[in-house]
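The values are calculated or read from the model by the stated rules, or taken from the named source; none is laboratory data. Note that the structure is predicted; figures quoted are calculated from it, not measured. Cβ sites come from the backbone with ideal geometry, for glycine too, and all protein chains shown count toward neighbours. When the accessible area is computed, the model is the full protein with side chains, heavy atoms only, and any ligands, DNA or RNA have been set aside. Shrake-Rupley method; radii C 1.70, N 1.55, O 1.52, S 1.80 Å.
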Amino acid sequence: MNTLVNTTLCYIQKDDCYLMIHRVKKVNDYNKDKWIGIGGKFENGESPFDCVRREVLEETGLILNEEKLEYRGIVTFVCKNSQAPDGLFTEFMHLFWCDDFDGTLIDSDDCNEGVLEWIPKSAMNDLPHWKGDEIFLDLIEKRVPFFSLKLNYDEEGNLLNYLIN
């Protein structure tokens, strides 16, 4: 079992909403039932920009405007996991934001990951989510320059602590 992964996560904004995905379709999904931004794991040879553009297109049908795509930070997501060889699962999540895109949003039935929906930013914290998402979404909203955020979770998914650099 690989206990260190690189992923991207993009918050696509339209009006005062983010395009979110309710992760309800995959079996054994550590994001099961949570609402998250759009993204996924790197493929061999991809840069963070390559990965986020591909993942957004695959999951939503949207094409991000490369000139407006903002690389906002990196989140080190650490979760205790008794099945991992060293007892930890670590994910380096490259965080993006964009409000300029082309294309037509695919139907949620065509999305393998879950249900796509535009969610008002004011309602984000009312949905099931990782508690640490509130921290980096606040940093995005405040337009904080590039940041590094470390989130430590216990095996049940409870946020234990965090560090912003």
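Results, tabulated for the structure shown:
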read-out: Relative contact order computed over the stretch 13-73 (Cα-Cα under 8 Å; 6+ residues apart), in percent; value: 20 percent
read-out: MRE, 222 nm, helices only [DSSP H, n ≥ 4, -39500 (n - 2.57), over the chain, to nearest 500]; value: -4500 deg cm²/dmol
read-out: Angle between the chain longest axis and helix 131-141 axis [Cα atoms, degrees, rounded to 10]; value: 40 degrees
read-out: Sequence-separation-based contact order of the stretch 1-148, relative, with Cα cut under 8 Å and 6+ spacing, percent; value: 33 percent
read-out: Ellipsoid semi-axes in whole angstrom, largest first, where each is sqrt(5λ) of the Cα gyration tensor of the chain; value: 24, 18, 17
read-out: Those chymotrypsin sites (Phe, Trp or Tyr not before Pro) in the stretch 78-150 that DSSP places in a loop and that have at most 13 other beta carbons within 10 Å; value: Phe146
read-out: Computed Rg/Rh of the stretch 1-97, alpha carbon atoms with Kirkwood Rh; value: 0.98
read-out: Label-to-label distance, nm, for residues given as Val115 and Glu43 (7 Å Cα→Cβ offset); value: 2.9 nm
read-out: Residue pairs, from the table Lys32/Lys150; Lys68/Lys131; Lys80/Lys121, whose Cα atoms sit over 26 Å apart; value: Lys68/Lys131; Lys80/Lys121
read-out: Mean accessible surface per residue for the chain, computed with a 1.4 Å probe while every protein chain stays in place, in Å²; value: 53 Å²
read-out: For the stretch 76-162, diffusion coefficient by Stokes-Einstein and Kirkwood Rh (Cα), 37 °C, 0.692 mPa s, µm²/s; value: 212 µm²/s
read-out: Helix axis angle, 48-60 relative to the chain longest principal axis, alpha carbon, degrees; value: 70 degrees
read-out: P(r) weight above 12 Å for the stretch 20-62, C-alpha pairs, percent; value: 62 percent
